[in-house]
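The values are calculated or read from the model by the stated rules, or taken from the named source; none is laboratory data. Small disclaimer: the values here were computed from a predicted structure and weren't measured. Reconstructed Cβ throughout: ideal geometry from the backbone, glycine too, with neighbour counts over all protein chains shown. For accessibility, only protein heavy atoms count, side chains too; no ligands or nucleic acids. Shrake-Rupley method; radii C 1.70, N 1.55, O 1.52, S 1.80 Å.
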Amino acid sequence: APTRASGSVADSPYSPTPPSAPPTGPLVLREGAAGPEVAELQGRLRQLGLYPGAGSGRYDAEVRAAVARYQRLYGVTGDPDGVYGAGTRASLESRTAGP
């Protein structure tokens, strides 16, 4: 006679889980950041006459002040003062040419 099995089947607690993906979404830049994204920001601010400095790629106090001036001048809200977040980025990119 056939034998019937009973019980339940569950995933093994030892099943490997896929590694988590790095976070995606818009990059937020603030004082202390550095790299090509900051150099691009400096170039965009320079196009509007808000940043007179060189494209050093360092987000220093001068860049923070220029971003804050931009935010006030164009009424950008949603990002902290002097922080290049999603709202400020969208606004600035719509008013300037890419690098």
Out of all the residues in region 52-62, is one or more free of Cβ contacts under 8 Å to residues at least 24 places away in the same chain, open to solvent by 60 Å² or more (accessible area, probe 1.4 Å), under 18 Å from Ala90 (Cβ atoms) and of a type in the set (Gly, Ala, Ser)? no
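Scanning region 71-86 for residues that are in contact with a Ser or Thr (Cβ under 7 Å, 6 or more places away or on another chain) and under 14 Å from Arg30 (Cα atoms), which turns out least open to solvent (accessible area, probe 1.4 Å)? Don't jump to the end; show me each part of the working.
The initial filter retains those residues of region 71-86 that are in contact with a Ser or Thr (Cβ under 7 Å, 6 or more places away or on another chain), namely 71, 74, 76, 79.
Next, only the ones that are under 14 Å from Arg30 (Cα atoms) stay: 71, 79.
Numbers: Gln71: 10, Asp79: 34 Å².
Here the residue is Gln71.
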Within the set of pairs 6 or more residues apart or between chains, which connect a residue that is modelled with pLDDT of 95 or more and among the hydrophobic types (A, V, I, L, M, F, W, C) inside region 71-89 to a residue that is part of a loop (DSSP other than H, G, I, E, B) and surrounded by 13 or more Cβ atoms within 10 Å (Cβ to Cβ) with Cβ atoms less than 6 Å apart? Val83/Arg30
If a residue must be part of a loop (DSSP other than H, G, I, E, B) and either within 16 Å of Val38 (Cβ to Cβ) or in contact with a Lys or Arg (Cβ under 6 Å, 6 or more places away or on another chain) (or both), how many such residues does region 53-98 contain? 13
